[in-house]
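K.L.:
Here it is, the structure, as structure tokens.
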Protein chains: 2
Amino acid sequence: MTVRTLDHPTRAEIRLEAVLHALSDPVRLQVVRFLAGLAEGEEAPCSAIDLAVTKSTTTHHFRVLREAGVIHQVYRGTAKMTAIRRDDLDALFPGLLDAVLTADATQRSRVPVG
Amino acid sequence: MTVRTLDHPTRAEIRLEAVLHALSDPVRLQVVRFLAGLAEGEEAPCSAIDLAVTKSTTTHHFRVLREAGVIHQVYRGTAKMTAIRRDDLDALFPGLLDAVLTADATQRSRVPVG
DNA sequence: GCCATAGTACGGCGCTTATCGAACTACGAT
DNA sequence: ATCGTAGTTCGATAAGCGCCGTACTATGGC
């Protein structure tokens, strides 16, 4: 049995390019949109989000987000709870996450797809 | 002789994911940083920016930025003048470009590299 | 112990990307 | 017309990405 720990970059290790890259995929943007809609600090299991991809692809996307520093994940029983790292992102890159979320919302209202 | 016209997405065609992807590369971020530092509407030839890649790679990166709608390019004589599409980006995604530029500046002051 | 549920790991497939060098085109100046 | 400068185009390569299915592991409940 493994300890099932997950590597996260520290706040100082988070790189803007990695964050932008993580956010540039529609599936991952959907995850972030969902997590950002939760209450402050609230977590959700991967399975709470209905993604149009298989489980293994889901795992891949969550890893990209986690390794970029966008989300934080911890194991709780059989679930893996995920939360957005809003405080870290806001501290490092003020306004960035909000601008992306607003831009995403605007775009989705212009082009009602996905 | 070709007319040497360049295809640009219209404002409505600009997609957030494409913009984020375009900005997620260090070389392209350097280009955007440079262009954003110019006066409103001011243009610069590709050669004005000292990129650590070859000319053909430079052409590639400028095309990615142009096709994403981040920059506007027009031929003037032998040069190809480039300007950032600040008005379009600001109209579509308010605060996004500024947040990215600020984030980039902050990160560069934290980690003085590149 | 056994099973169901939640997620991981592995290997693979097809596509895209970042990069290069070398040959080419367009334009301005001489 | 020749030359130089600016940028393009054309392979090519090596790496990465998004996606899948299958087999696996971990946890909790029966």
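K.L.:
For the structure I just gave you, tell me whether A:Ala22 is open to solvent by less than 20 Å² (accessible area, probe 1.4 Å), of a type in the set (Gly, Ala, Ser) and at negative phi.
P.N.:
yes
K.L.:
Among all residue pairs at least 6 apart or on different chains, which show Cβ distances below 6 Å where the first residue, located in the range B:16-34, is more than 7 Å from chain A (Cβ to nearest Cβ) and the second is part of a helix (DSSP H, G or I) and of a type in the set (S, T, N, Q)?
P.N.:
Nothing qualifies.
K.L.:
Then there is this: Any idea which of B:Glu17, B:Glu40, B:Glu13 is modelled with pLDDT of 95 or more and farther than 19 Å from A:His21 by Cα?
P.N.:
Just one listed residue meets the conditions, B:Glu13.
K.L.:
Look through B:Ile49, B:Ile84 and report the one residue that is touching a Phe, Trp or Tyr at 6+ places or on another chain (Cβ under 7 Å) and either more than 10 Å from DNA strand D (Cβ to nearest atom) or not small (Gly, Ala, Ser) (or both).
P.N.:
B:Ile49
K.L.:
Since B:Arg63 meets every condition but one in (1) within 10 Å of the chain's Cα centre (by Cα); (2) in contact (Cβ under 8 Å) with a residue 12 or more places away in the chain, which condition does it not meet?
P.N.:
In the conditions (1) within 10 Å of the chain's Cα centre (by Cα); (2) in contact (Cβ under 8 Å) with a residue 12 or more places away in the chain, B:Arg63 misses (2) alone.
K.L.:
For the subset of the range B:67-79 comprising residues that are in contact with a Leu (Cβ under 8 Å, 6 or more places away or on another chain) and open to solvent by 20 Å² or more (accessible area, probe 1.4 Å), which member is nearest to DNA strand D (Cβ to nearest atom)?
P.N.:
B:Tyr75
K.L.:
Just checking, how many residues over the range B:27-59 are surrounded by 14 or more Cβ atoms within 10 Å (Cβ to Cβ) and within 7 Å of DNA strand C (Cβ to nearest atom)?
P.N.:
Here the count works out to 1.
K.L.:
A:Pro94 fails exactly one of the following numbered conditions: (1) at the interface with chain B (Cβ under 9 Å from one of its Cβ atoms); (2) assigned to a helix (DSSP H, G or I). What is the number of that condition?
P.N.:
Every condition holds for A:Pro94 apart from (2).
K.L.:
Do we have A:Ala103 as exposed (fewer than 14 other Cβ atoms within 10 Å of the Cβ), at pLDDT 95 or above and away from DNA strand C (no atom under 11 Å from the Cβ) here?
P.N.:
Taking the combined requirement at face value, the residue does not satisfy it.
K.L.:
Having 3 or more residues that are closer than 17 Å to A:Asp98 by Cβ is the bar; report the helices (runs of 4 or more DSSP H) wholly within the range A:3-85 that clear it.
P.N.:
It comes to A:16-23, A:26-36.
The values are calculated or read from the model by the stated rules, or taken from the named source; none is laboratory data. Note that the structure is a prediction, hence the values are computed from the model and not measured. Cβ sites come from the backbone with ideal geometry, for glycine too, and all protein chains shown count toward neighbours. To get the accessible areas, we keep the full protein, side chains included, count just its heavy atoms, and leave off ligands, DNA and RNA. Shrake-Rupley method; radii C 1.70, N 1.55, O 1.52, S 1.80 Å.
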